[in-house]
Structure formats: structure tokens, C-alpha cells
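Following: one structure in C-alpha cells, then a few remarks.
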Amino acid sequence: MAKSSFTPEQSNLLSRNSIKQLIKKYNDSKGQDKATLSLIIEQLARTPLYFAVEKDSDVKNASSLRFVTLNAGGKKFITIFTGPDDFGKLADTASAVCLSPETYFKILIDNNADAVINPFGSYFLMWPELVRDYMLPFLQETQAFRQQDPMNTIKQ
């Protein structure tokens, strides 16, 4: 039998689909399923996601992106999506830019920003404390662990 492996993009697609399913499961539990929440955090720390940005944003320069936001309950949320197909009504008015967790965690923390993943379906809210206290440490531990792997046996 031939040995095959996924390309990074195929792995990311599977991970993004997994995130969608985990968010639905977590929401169905009304936020009580802590094991699923842990899995969501783990997947988010490994998976590039799509952001809606204004059409004339410089998508090659993350520091100059102008994110499309939604307002709800007096708060402004940066919109994040598991894929361009999830943009819904924003598809005609925004551009999609895919950012790595390292980049988007930093943007959310530096701007003390709230975010919402897939706001037009089964959604997941991210607030600065969640990113700073749980997601970023998990990402840093994963990166440190990979750096200690001299045989490069750990795959992303």
C-alpha cells in the first residue's frame, strides 16, 4: 500500500471543518462541554482562519488590514471564518485574508479585540482574556514542543 500524506492546505481544510463541528457541538451543550471547548482551543491554535477585511485593504500587510466588524450588545467583534464560503452576506462587500494563529492571536491581543467565528451560523465568541490566557499559552507550548523535536516527527 502506498504511503500518502495530506498537503498543508488539505490538513488546514480538515481542521477548519473540525472547528465548525466542534463549535456546533459546544453550542448544542449550551457552553457546558468543557472537553469540546478544549478541543476548539487546540484546533484554533493550529489552524489558519479567514478574516473579512475591507475590499481596499492591503492584504499583504497584516498590520494595515482593516477588519470588517459586527456590532452586537454594545460590543464590536472582528469577524473570523472557517472558510470563504462562510462569509454569507459579507462575501460581496469584503475580501478574505487567511491568517495564521500566531498572527491573529497577536492582532486580537494587541487590539484588545473581541472576535466571532462564523457569525452567520453556529458561532463562537473569542474575547481578549480567552485568547491571552488560554489560546496563546497553548500555541506557545505547542511551538516549544515542536522545537524540542530534533527528528521532526511531530507534524503540524
Could you grab the pairs with beta carbons closer than 9 Å, sequence gap of 6+ or different chains, first residue in segment 3-24 and farther than 13 Å from P48 by Cβ, second one in a helix (DSSP H, G or I) and open to solvent by less than 30 Å² (accessible area, probe 1.4 Å)? L22/T36; L22/I40; I23/T36; I23/I40
Out of the residues in segment 54-69 that are touching a residue at least 24 places away in the same chain (Cβ under 8 Å) and open to solvent by 50 Å² or more (accessible area, probe 1.4 Å), state the one that is nearest to the chain's Cα centre (by Cα). V59
Taking K76 as the residue in question, decide whether it is of a type in the set (D, E, K, R), surrounded by fewer than 16 Cβ atoms within 10 Å (Cβ to Cβ) and either touching a Cys at 6+ places or on another chain (Cβ under 7 Å) or not in a helix (DSSP H, G or I) (or both). yes
R16 vs. criteria open to solvent by 70 Å² or more (accessible area, probe 1.4 Å) and not acidic (D, E): no
Could you say which residue among S5, S63, S11, S15 is part of a loop (DSSP other than H, G, I, E, B) and either of a type outside the set (V, I, T) or under 20 Å from D114 (Cβ atoms) (or both)? S5
Residues that are assigned to a helix (DSSP H, G or I), under 22 Å from L14 (Cβ atoms) and of a type in the set (K, R): does segment 115-138 have at least one? no
Cβ-Cβ under 6 Å pairs, at least 6 apart or on other chains, segment 120-132 side farther than 19 Å from G88 by Cβ, far side outside any loop (DSSP other than H, G, I, E, B) and open to solvent by less than 50 Å² (accessible area, probe 1.4 Å): W127/D114; V131/F105; V131/L108; V131/I109; R132/I109
When the residues of segment 79-96 are narrowed to those that are part of a strand (DSSP E or B) and among the β-branched types (V, I, T), which ends up nearest to the chain's Cα centre (by Cα)? I80
Over segment 79-94, the set of residues open to solvent by less than 60 Å² (accessible area, probe 1.4 Å), under 22 Å from S15 (Cα atoms) and in contact with a strand residue (DSSP E or B) (Cβ under 8 Å, 6 or more places away or on another chain) is T79, I80, F81, T82, G83, D86, F87
Do we find a residue being in contact with a Cys (Cβ under 8 Å, 6 or more places away or on another chain) and open to solvent by 30 Å² or more (accessible area, probe 1.4 Å) anywhere in segment 43-53? yes
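The values are calculated or read from the model by the stated rules, or taken from the named source; none is laboratory data. The structure presented is a predicted model; accordingly, all values stated were derived computationally and were not measured. Every residue, glycine among them, receives a Cβ derived from its backbone with ideal geometry; neighbour counts consider all protein chains shown. Ligands, DNA and RNA are stripped out before the accessible areas are found, and what is left, the full protein with its side chains, is counted by its heavy atoms. Shrake-Rupley method; radii C 1.70, N 1.55, O 1.52, S 1.80 Å.
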